[in-house]
Amino acid sequence: MIPLETIRHLPKVLLHDHLDGGLRPGTLVELAADAGYRGLPTNDAGELARWFTRPASTRSLEAYLAPFEHTIAVMQDKDAIARVAAECAEDLAADGVVYAEVRHAAEVSTRNGVRIDEVIAAILEGFRIGSTGRAITIRYIVSAMRTGDRSLEAAHAAVRHRDEGVVGFDLAGAEEGYPPSLHLEALRYLASENLPVTIHAGESAGLPSIQEALHVCGADRLGHGVRIVDDITLGDGEPRLGRLASYVRDRRVPLELCPSSNVHTGAVTSLQEHPIDRLRELRFRVTVNTDNRLMSGVTLSSEFAALARTFDLDLDDVRWLTINAMKSAFAPFDERMKLIGAIDVAYDRDHATGAIPALVDAAAAVPGAIVDAATAVPGAIAGAAATIAGAAGAAAGSVAKPIVRGVESVASGARRGYGTSGTARRRRLEARARKPLPLLYDVHPEARRAGIRDLGVRTVLVSQIRGTAVEGPALRRGDFLPIKEARTRDWESRWQRIRRAIDDLVVLPPLDLYQFGDGYWVIDGHNRVAAALYNDQAAVDAAVVELRVPGMRAAQRGDVAAALAGSEDLRAAGSGRLTRTVVDRRDPRTARSVTRSSQAGDRGTTTADARQDADREVADARPAARGPGDASGDR
């Protein structure tokens, strides 16, 4: 079980949260007094908070939605709206949310004459105020009520404010009797303006609402979508997906699941029966969300903690769900990639250091040795778990149990993440300790306008590979291996085949690399680079294309070996015979080049041209050692 405090301090992403469903009870009391609203059931903030969560026990959507009348009533003034938005940003940041898309139907806040555009502006200003100085990026999804007739007006307003923080559009409200197709004019306008759309579907209504949201209305995401499970048949063998479920999974349609809210509205009978774990195992694009923090009495951290308890999730599962959400956000691609990289680093750091505040705070009450052991690297935790647990067991029971559970959780994650053998653990720790390899277009934005020149096949030192030239989160990690959710079922066996092939000098196709300046950037073949790093291989063969920025002098491009045009190596490559350089580990300055046939059993011959080119590469690279700040992945 993951402690709540551990989850709270980890970065999280929230895609489905209603602004008018997350007010602070104390703020609600104050705003009601300012507005002269006397409809609140009590003016005591604590009692009011409990009152708002009572309808959740009825398992009725109607009862769950009724209290919104009070929150909407106090959000009819621009200053009040801005205050609610600012406090929303503050509360989410305090809960460890680093990116959020919060929605509100601006039309419901126009009772006192405030225009929709003014409501949107007030919300955006509140988000700006609340996020300033805090580690959160917060965006606004403009909602329209499917029970109303102002969706086109709201859509036009959303487009007008898209450059100020509006990232999408939503249709909210009762599903039964109010299909999203009633608002096709607004949805078609949004499509013409390229503004993303999410639609509440598959919550109280079933599969037809999902079908209509996707195929009639063009939804990019599904608000809730929990009823997609109705199109999955469970039997003795593998689950069988219907056509609609297959479409949702195959097209990676994000599901904005809100587990506690789904229970409170009666969409599912209990958290134990919630299909989120089944959908996760079937690799749907599942995300975890709060829906209405006030009505459900939840935070995003408490949602993850409840799921971890119920379905035995670990930190890798929380990471997977978080990155799923960031992938599915309506933010621009570059922004998503940067945040995914930052999230990945944070979770890697948590794995690698065991820096879990709840564990450390609890351990402070017992002997210092436990603190030292609990904050050690995962490899040490894995080896010392029994000792720590025994020491904790000797301490006061109320303190010992959280420590034992926390240490066992970290130790279990360490064993899973870093392997059991000393060599495997060392190598994996080294791989995780490296900074993520940079993206070429981040480090060298001018590369986007570069011309290219084919250089042909050449031998490239692994240490000269600086990063990735492919824009994608799976390629940003230090060891090039795909992140967990991107792996297919056979990824491990494929990885083993790659390692064995390099160990046995079996010929592999050359990598595809960009040469830019004095370094190389991977276009394709990331797993082969990972295998080379894993096996301490010095060099790989590569089909190299040089990026040449207009005005860049030849000296700036680096003094590297010329293309192998006309050499025996190129002719061999054309017939399936490839070259690979092997460095004698006793003397890394020496290199021998071995040409092997891609056909099984043909061991090939050594070529003089290849040996000379390989020696020249090694010699050229020797004085070009980079400093410790370079994120090239060198060992």
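Before we move on, is R103 in contact (Cβ under 8 Å) with a residue 24 or more places away in the chain and either surrounded by 23 or more Cβ atoms within 10 Å (Cβ to Cβ) or at positive phi (or both)?
Against the criterion (in contact (Cβ under 8 Å) with a residue 24 or more places away in the chain and either surrounded by 23 or more Cβ atoms within 10 Å (Cβ to Cβ) or at positive phi (or both)), R103 qualifies.
Can you tell me which residues in the range 123-149 are part of a helix (DSSP H, G or I) and open to solvent by 20 Å² or more (accessible area, probe 1.4 Å)?
Result: L124, E125, R128, I129, S131.
Please go through the range 4-26 and pick out each residue that is more than 13 Å from I72 (Cα to Cα) and either assigned to a strand (DSSP E or B) or β-branched (V, I, T) (or both).
Answer for the range 4-26, where residues must be more than 13 Å from I72 (Cα to Cα) and either assigned to a strand (DSSP E or B) or β-branched (V, I, T) (or both): T6, I7, K12, V13, L14, L15, H16, D17.
Out of the residues in the range 263-281 meeting the condition of being of a type outside the set (A, V, I, L, M, F, W, C) and under 23 Å from the mean Cα position of the chain (by Cα), tell me which one is farthest from V226 (Cα to Cα).
E281
For A35, all conditions in the list (1) open to solvent by 30 Å² or more (accessible area, probe 1.4 Å); (2) touching a residue at least 40 places away in the same chain (Cβ under 8 Å); (3) farther than 22 Å from E125 by Cβ hold save one; what is the number of the exception?
(3)
Just one of (1) under 30 Å from E47 (Cα atoms); (2) at pLDDT 95 or above trips up T265, so point out which.
(2)
Which members of the range 49-103 meet the condition of being polar (S, T, N, Q) and modelled with pLDDT under 95?
The answer is T53, S57, T58, S60.
Any residue that is open to solvent by 30 Å² or more (accessible area, probe 1.4 Å), modelled with pLDDT of 95 or more and charged (D, E, K, R) - is there at least one of those in the range 3-20?
No, every residue in the range 3-20 fails to be open to solvent by 30 Å² or more (accessible area, probe 1.4 Å), modelled with pLDDT of 95 or more and charged (D, E, K, R).
Considering only residues that are open to solvent by 10 Å² or more (accessible area, probe 1.4 Å), aliphatic (A, V, I, L, M) and either closer than 16 Å to R103 by Cα or part of a strand (DSSP E or B) (or both), which ones fall in the range 150-164?
Selection gives V159 alone.
Quick one: in the range 539-566, which of the residues that are surrounded by 21 or more Cβ atoms within 10 Å (Cβ to Cβ) and not β-branched (V, I, T) is modelled with the lowest pLDDT?
The extreme case among them is L564.
Does I120 count as surrounded by fewer than 23 Cβ atoms within 10 Å (Cβ to Cβ), part of a helix (DSSP H, G or I) and not basic (K, R)?
It is false that I120 is surrounded by fewer than 23 Cβ atoms within 10 Å (Cβ to Cβ), part of a helix (DSSP H, G or I) and not basic (K, R).
Report whether or not G368 is open to solvent by 10 Å² or more (accessible area, probe 1.4 Å), modelled with pLDDT under 50 and not aliphatic (A, V, I, L, M).
yes
The values are calculated or read from the model by the stated rules, or taken from the named source; none is laboratory data. Computed from a prediction, not measured in an experiment: that's the story for all the values here. When we count neighbours, we look across all protein chains shown, and the Cβ atoms used for this are built from the backbone with ideal geometry, even at glycine. Heavy atoms of the whole protein, side chains included, go into the accessibility calculation; ligands, DNA and RNA do not. Shrake-Rupley method; radii C 1.70, N 1.55, O 1.52, S 1.80 Å.
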